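> If you scroll down you'll find the structure; I have some questions about it.
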Amino acid sequence: MFRFPKLYKFKRLSLIVLLVAAFATTVVNAKVKGVGHYGYGKVATAEEIAGWDIDIRPDGRGLPPGSGSVEDGEILYEDQCASCHGSFGEGVGKYPVLAGGEGTLTEERPEKTVGSFWAHTSTLFDYIRRAMPFPQPASLSDEETYAITAYVLYLNDLVEDDFVLSQDTWDEVAKLPNNSNFVPDPRPDTQAVRCMKDCKKEVKIVSEPTITAEEVAAADDTIVKAAAGNENEKGASVYNGACAVCHNSGVAGAPKLDDKATWKARLALGEATLIKHAIEGFQGDAGMMPPKGGRMDLSDEDVAAAVKFMLAEAE
Ligand code: HEC
Ligand code: HEC
């Protein structure tokens, strides 16, 4: 026979149902009204969003209407920028140099300027608009920003003195000379996998051996020239670029390239195993061989070539 629950239980139950329902409606209402997940705050107006949304993409998307000429830019620049950045962009005192420096990037002391180093004109426009002049950031009008940007391009010999910068002429200057030297970082993301079962009971934190600047310099100085008969050029170049830093001098316990006895003993494992260890990394008694020597941009073939080079050198 069906029995009703005792009255007081029924009441308590309905109270809970009511509370849950009330809470749910608040949340739903909050969502409907758009006042945020937790029911407070307010929706930003289109105007407020526009105030923040001022970034400009390299291709010019986001540029405001308007234009500015090199000619007008010169007057504005002299007035508002030259006291710090110099009339020719040469930089006064400690203030940044804005022009020149072409061809210095490979020198010991590269001069990184808009013309020699920067990739996109959008960065210049955006930076000036947000941050300059240093004492009064964001004080320039869009027209003024166009004009001064055009003038800084002119100081870098990138446009003629009659150039006018606007959405229409943007494409002509969107990419700065050093643009093609910016490349996507080829290294993969490394994502640690969280252990969910059978995990280590105790985690011991050990510090990895570090390589000193002197050791790097020493390794830099000693590019290994392949021995006669070792024609593995690819292996040699991978070795010198990625492995020599440890294996030349025996840093961090790495078996030295010219330590023939060690390599002979290791070769007993078979070449394939050594290659596998070099690709996947290997913790031995001597130390820690990081996967691919820490150069995850190398292909397995590159690493294999380097190992073959090393073994041939050690013969
Ligand atoms: C009072 C000195 C001062 C004035 C005036 C000034 N700047 Fe600057 N500018 C600086 C300083 C300081 C920095 C570096 C800021 C930083 O790195 O945080 C800088 C950085 C820059 C940079 C980036 C340089 C780089 O290579 O990183 C540009 C471009 C620039 N300023 C343009 C301008 C323009 C255009 C004006 C005039 C509208 C202007 N500045 C006025 C002091 C000044
Ligand atoms: C950060 C230092 C470091 C770099 C860079 C490095 N290695 Fe090693 N490597 C080691 C150490 C340390 C060992 C010794 C591990 C052990 O046996 O304890 C080792 C061992 C090896 C071994 C022997 C593995 C075995 O099973 O005996 C090979 C092969 C090797 N490395 C190849 C390479 C190649 C190829 C590169 C470049 C792509 C490279 N290493 C870059 C530190 C390095």
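> Going through the cross-link list LYS112/LYS175; LYS225/LYS260; LYS256/LYS308; LYS225/LYS308; LYS234/LYS260; LYS225/LYS256, which pairs have a Cα-Cα distance over 20 Å in this structure?
Cα-Cα > 20 Å for LYS234/LYS260; rest within.
> Kirkwood Rh over Cα pairs of region 213-314 into Stokes-Einstein at 37 °C, 0.692 mPa s: D in µm²/s?
Answer from the Stokes-Einstein relation: 244 µm²/s.
> Measuring from label point to label point, each 7 Å out along Cα→Cβ, what is the SER139 to ILE75 span in nm?
For SER139 paired with ILE75, the spin-label model returns 1.8 nm.
> Sticking with this structure for a sec: Could you let me know the centre-to-centre spacing of region 164-205 and region 83-134, using Cα atoms, in angstrom?
Cα centroid to Cα centroid, the span is 24 Å.
> Under a 5 Å amide H to amide H cut-off, with H placed in plane at 1.01 Å, what residues pair with MET132 once short-range neighbours are removed?
The list, which skips near neighbours in sequence, is ALA138.
> Stokes-Einstein D for region 52-181 at 20 °C, 1.002 mPa s, Kirkwood Rh over Cα pairs, in µm²/s?
Working: Rh = 14.6 Å.
The estimated diffusion coefficient comes to 147 µm²/s.
> Another question about this same structure. Where the convex hull is taken over the Cα atoms of region 100-252, what is its projected area averaged over directions, in nm²?
Computing the convex hull of the Cα atoms and averaging its projections yields 18.0 nm².
> Now for a different question. Need the list of aspartates and glutamates near LYS264 for cross-linking: C-alpha distance under 16 angstrom, and skip anything on the same chain fewer than eight residues off.
By straight Cα distance, LYS264 reaches GLU313, GLU315.
> Taking a label point 7 Å from the Cα of ASN181 along the Cα→Cβ vector, which residues of region 95-121 have an amide N closer than 18 Å to it?
97-121
All of the numbers you see were taken from the coordinates with simple rules; none came from a lab. Keep in mind that this is a model prediction, so the values were computed, not measured. Cβ coordinates were reconstructed from backbone atoms using ideal geometry, including for glycine residues, and neighbour counts include every protein chain displayed.
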